[in-house]
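K.L.:
Questions regarding the structure given below will be posed in turn.
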Amino acid sequence: MRGVAVLAVLSLLPLAACSGGGETPPPAQGSGSAGAAAPAGSAADAPGAAPLPGDANAPGGPVASGGPGSIETPVFTGGANQMDVTLFFLRADGEALSPEKRRIFRTATVNDRARQTLQALFEGSETGLLASVPPGTQTRELFLGSDGTAYVDLSAEFRDGLGHGSSDAVEAVYAIVNTLASNFGEIQKVKLLVEGDEVEDLGGHLDLSHPLLPEMSLVGGAHAPRPARPIPHPAPETPAPPPEDKPSPRTDGPPIGGGTRS
């Protein structure tokens with residue numbers, strides 16, 4: 001019986017060895033398993049590692065807008081991307097237009113540069129000159145024709161903000177016309193509209209039904225005398241004075257070619 005028990009014990013040993021609690025050895029490091037997690041501290045995070053393409057921290061790269069993967073549109077701030085323009089405001093004494101330099105972005109089209117220039121004019125002077133255009137005026141549309149005429153559609157504030165004096169209308173209109181024509185060679189004359197409509201009579205003093213040429217005689221220096229203003233409408237002709245009364249021919253003398261005989 002003892003021999004049978006020993007044989008039974010020995011027969012159970014191989015089964016215990018096969019089903020024992022031995023742990024499965026871990027896979028070799030670097031086995032390339034697709035499901036393996038990345039080690040803590042990747043190569044991109046290592047000091048001195050090259051930034052990934054499109055990384056916001058890359059030297060000279062785009063500036064991230066804050067959201068993951070988003071990139072802001074580049075802003076042109078260099079001097080090479082800007083240009084000088086001349087704006088015309090009212091002189092401090094209000095007697096003439098006076099120039100002031102400003103810088104705008106050198107964008108691709110004349111239309112866009114002209115809109116920037118008018119926006120700078122409407123925002124007012126940076127050197128203490130007086131506003132030449134009523135406050136609140138905005139450019140609704142701007143179109144450049146093939147004949148060199150710039151069609152500028154202004155907001156109602158331009159018309160409504162002008163006083164009843166002819167000088168206010170003339171200075172406001174020619175501040176715009178001179179500003180556009182003196183900065184852009186493509187613009188020869190300017191046709192002004194208000195809220196999409198033609199203005200035949202601006203404040204009873206200026207006819208805007210046709211394009212206007214620049215009038216640089218309205219521009220004066222800091223201490224220059226007041227310049228002569230252009231006449232908005234043709235001056236009426238002065239009627240000729242009536243002819244002076246002349247004495248009628250003499251009738252009390254003897255008839256011509258005759259006389260009394262002695």
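The values are calculated or read from the model by the stated rules, or taken from the named source; none is laboratory data. Just so it is clear, the structure is predicted and the values come from calculations on it, not from any experiment. Cβ atoms come from the backbone with ideal geometry, glycine included; neighbour counts cover every protein chain shown.
K.L.:
Would you mind telling me which numbered condition in (1) of a type outside the set (Asp, Glu); (2) touching a His at 6+ places or on another chain (Cβ under 9 Å); (3) at pLDDT below 95; (4) not in a loop (DSSP other than H, G, I, E, B) ARG159 fails?
P.N.:
It is condition (2) that ARG159 fails.
K.L.:
Further, regarding this structure: Among the listed residues VAL170, VAL194, VAL190, which satisfies the condition of being of a type in the set (A, V, I, L, M), farther than 18 Å from VAL85 by Cβ and touching a Ser or Thr at 6+ places or on another chain (Cβ under 8 Å)?
P.N.:
Sole residue among the options that is of a type in the set (A, V, I, L, M), farther than 18 Å from VAL85 by Cβ and touching a Ser or Thr at 6+ places or on another chain (Cβ under 8 Å): VAL194.
K.L.:
Please go through the stretch 83-115 and pick out each residue that is surrounded by fewer than 18 Cβ atoms within 10 Å (Cβ to Cβ), within 11 Å of the chain's Cα centre (by Cα) and either aromatic (Phe, Trp, Tyr) or within 15 Å of ALA181 (Cα to Cα) (or both).
P.N.:
PHE105, VAL110, ASN111, ASP112, ARG115
K.L.:
Right, something else. Anything in the stretch 162-202 that is in a helix (DSSP H, G or I) and of a type in the set (A, V, I, L, M, F, W, C)? List them, or say none.
P.N.:
Across the stretch 162-202, the qualifying residues are ALA169, VAL170, ALA172, VAL173, ALA175, ILE176, VAL177, LEU180, ALA181.
K.L.:
For the stretch 124-144, indicate whether the set of residues that are surrounded by 14 or more Cβ atoms within 10 Å (Cβ to Cβ), free of Cβ contacts under 8 Å to residues at least 24 places away in the same chain and touching a strand residue (DSSP E or B) at 6+ places or on another chain (Cβ under 6 Å) is non-empty.
P.N.:
no
K.L.:
Condition test on GLY148, is it on the phi > 0 side of the Ramachandran plot and surrounded by 14 or more Cβ atoms within 10 Å (Cβ to Cβ)?
P.N.:
For GLY148, the condition - on the phi > 0 side of the Ramachandran plot and surrounded by 14 or more Cβ atoms within 10 Å (Cβ to Cβ) - is met.
Listed here are the residues, each with its yes/no results for (1) aliphatic (A, V, I, L, M); (2) out of contact with any Lys or Arg (no Cβ under 9 Å at 6 or more places or on another chain).
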| site | (1), (2) |
| --- | --- |
| PRO134 | no, no |
| ASP147 | no, no |
| SER155 | no, no |
| GLY163 | no, yes |
| VAL170 | yes, no |
| TYR174 | no, yes |
| LEU192 | yes, yes |
